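FYI, it's all coordinate maths here, none of it is from the lab. If you're wondering where the values come from, they're calculated on a predicted model, not measured in any experiment. Because the Cβ atoms are built from the backbone with ideal geometry, glycine has one as well, and the counts that use them run over all protein chains shown.
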Amino acid sequence: MPKTEPFDKNRDRYENWFEVNEYAYQSELNSVRELLPETGEGMEIGVGSGLFAGHLGIRYGIEPSAKMRELAVKRGIEVVDGTGEALPYDDGRFDYALMVTTICFLDDVGSSMREAYRVLRPKGSLIIGYVDKQSALGKYYLAHKNGSVSYQPVTFYSTDEVLFFSQKSRIQGFQFQADDFSSLT
């Protein structure tokens, strides 16, 4: 079941975090921008309010939270209601797929990655930004998880676990790029 409650109930608080932490947000945005292919069409899995997709020129996204989809649409993103485990796109539709701090909210990371690879064209890229549970930030979030509005329902993963899921799910010919945001904040 999608973990949308933190976003449905705290959408404005979520948006405010990016304003208050503008430098961290810009750092994350710049890191993702460096990993995106220079050309081609992409989509964001867990597009949220469109803060990343909108600034990165990504026109398509999938998002299970109705409140977040509202904002993404206002930012010009073509958003579909759904989850990463069942992407409503044709095989080979995109040149790249982006997940920014999404994998910790997924019910089935392996299925989501298989779906991402399915909608990618040959030699497409899956770019994942996440908080490594073994980093200082990941350890902090884990220690304070029960008091967190956003991170209470999540599962954090290590880099080794993310790579394992990717390698297990990947179809030959796809690139894997991962960026751990833990070192940026």
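Residue 133: which aspartates and glutamates have alpha carbons under 20 Å from its alpha carbon, excluding same-chain residues fewer than 8 sequence positions away?
The reachable aspartates and glutamates, counting only those whose Cα sits under 20 Å from residue 133, are 28, 107, 108, 160, 161, 179, 180.
Take the alpha carbon gyration tensor of region 1-139, find the square roots of its eigenvalues, order them as a ≥ b ≥ c, and report rounded if a/c is under 1.5; if not, report prolate when a/b exceeds b/c, else oblate.
rounded
Considering only DSSP beta bridges where both residues belong to region 5-184, give the percentage that are antiparallel (nearest 5).
Here the share of antiparallel DSSP bridges comes out near 0 percent.
With θ taken as phi - 60° and the coefficients 6.51, -1.76 and 1.60, list the Karplus ³J(HN,Hα) couplings across region 58-72 in order, rounded to whole Hz; mark glycine and proline as x.
Once θ is set to phi - 60°, the couplings for region 58-72 become 8, 8, 10, x, 10, 7, x, 8, 4, 5, 6, 4, 3, 5, 4 Hz.
With a point put 7 Å past each Cα toward its Cβ, work out how far residue 108 is from residue 146 in nm, to one decimal.
So the two model labels end up 3.1 nm from each other.
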